[in-house]
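The values are calculated or read from the model by the stated rules, or taken from the named source; none is laboratory data. Nothing here was measured: the structure is a model prediction, and the numbers come from that model. Please note: Cβ atoms are built from the backbone with ideal geometry, for glycine as well, and neighbour counts cover all protein chains shown.
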Amino acid sequence: MQPLKFLVVDDATFIRDLLKKQLRDGFPGCQVTDVASAAKAQVALKTQRFDLILCDWEMPEMTGEEFLLWLRAHPQHGELPLIMVTSRGEREFVMKAVQAGVSEYLGKPFKPETLFAKVAKVLGKTGRKVDAPAKTMGQTQGIAGASVSVLTGGSDRVINTPASAKPAVIDSPLLAPKPTAAARPAAPKAVARGQAQLNFAGSSAQCVIKDISLQMLNGAMKREDHIPALLEPVVISIVGNDGGDVARLNGYVHSLTAGENRIDPAIIKLSIRFVDDDPSKLEMLSHYIEKL
């Protein structure tokens with residue numbers, strides 16, 4: 001049997017590298033080609049055969065939707081399955097993608113077992129019997145693991161939807177360390193510069209923004225059941241004063257430190273590095289920073 005051949009399309013290098021590693025881990029012997037744009041994907045399709053495409057939806061120049069419409073209209077590639085990979089999980093957004101001909105939906109960030117299950121499901125529909133790794137089957141959760149049928153009115157139930165959840169208000173004094181002794185003066189409270197919703201694979205948290213640039217966010221979050229790990233992928237929804245989304249960006253955890261001088265801190269300080277190269281996203285972020 002010929003090895004599985006995947007085409008990964010995403011403008012963010014970090015996301016492409018993550019998908020390549022996880023596909024190779026989950027489907028040993030597979031071949032993965034990655035490109036940074038839909039235009040380059042069109043070129044790759046002229047010379048190579050693929051079993052499945054995993055494509056970002058929000059890309060500059062040609063979006064994932066535009067690429068999919070081109071694909072479905074092409075006689076040679078019209079039946080090639082494509083999994084939409086995106087941080088946009090709103091039902092209306094997914095419905096539009098389904099109408100364009102998407103095969104499945106994978107929400108960022110995602111767990112490896114979610115990716116494996118989606119790939120096996122889509123390939124199974126094409127007649128290519130592929131089993132996802134046994135130890136990961138049945139463990140998907142969160143909106144990233146919801147099937148297209150769920151998001152478009154099927155009978156299954158979405159367990160939780162962190163990508164669309166509205167963040168609760170977090171008081172900026174959480175950023176201030178507690179004094180450890182009466183003789184020592186309290187450290188000045190850090191000034192919050194905004195709030196963000198952090199969506200990890202299977203969990204979410206609210207974050208107070210201490211500092212932000214076009215490359216990185218520095219902030220603090222309450223310690224919950226899920227403690228982020230270094231290099232863990234995250235989708236950041238920056239929230240405006242009116243509670244609406246200002247920008248939605250992809251990134252990864254760059255650094256973690258305790259927010260308090262204690263063994264079991266209730267606050268975690270973290271830095272998140274952005275990985276998007278989309279000019280429209282960077283422009284929205286730039287306008288937000290200018291207003292701070």
**Message:** Is it the case, given these coordinates, that Q42 is surrounded by 15 or more Cβ atoms within 10 Å (Cβ to Cβ), in contact (Cβ under 8 Å) with a residue 12 or more places away in the chain and either out of contact with any Leu (no Cβ under 7 Å at 6 or more places or on another chain) or under 20 Å from F67 (Cβ atoms) (or both)?
**Reply:** yes
**Prompt:** Taking S103, is it of a type in the set (S, T, N, Q), in the same structural domain as F50 (by TED's automatic domain parsing), touching a Pro at 6+ places or on another chain (Cβ under 9 Å) and modelled with pLDDT of 90 or more?
**Reply:** yes
**Request:** With the condition kept exactly as written, say whether any residue in the range 60-67 is exposed (fewer than 15 other Cβ atoms within 10 Å of the Cβ) and closer than 29 Å to D245 by Cβ.
**Result:** yes
**Item:** Spans of strands (runs of 3 or more DSSP E) in the range 226-292 with at least 2 residues touching a Lys or Arg at 6+ places or on another chain (Cβ under 6 Å)
**Value:** 233-239, 245-258
**Request:** Would you check if G244 is out of contact with any Cys (no Cβ under 7 Å at 6 or more places or on another chain) and either at pLDDT below 90 or more than 27 Å from L106 (Cβ to Cβ) (or both)?
**Result:** yes
**Complete:** Out of (1) surrounded by fewer than 18 Cβ atoms within 10 Å (Cβ to Cβ); (2) β-branched (V, I, T); (3) modelled with pLDDT of 90 or more, the one I263 does not meet is (3)
**Asked** Of these, E79, E92, which one is loosely packed, with under 15 Cβ neighbours inside 10 Å and under 21 Å from A39 (Cα atoms)?
**Response** E79
**Single residue of F6, F14, F50 found to be over 22 Å from the mean Cα position of the chain (by Cα) and either among the aromatic types (F, W, Y) or modelled with pLDDT of 95 or more (or both)** = F50
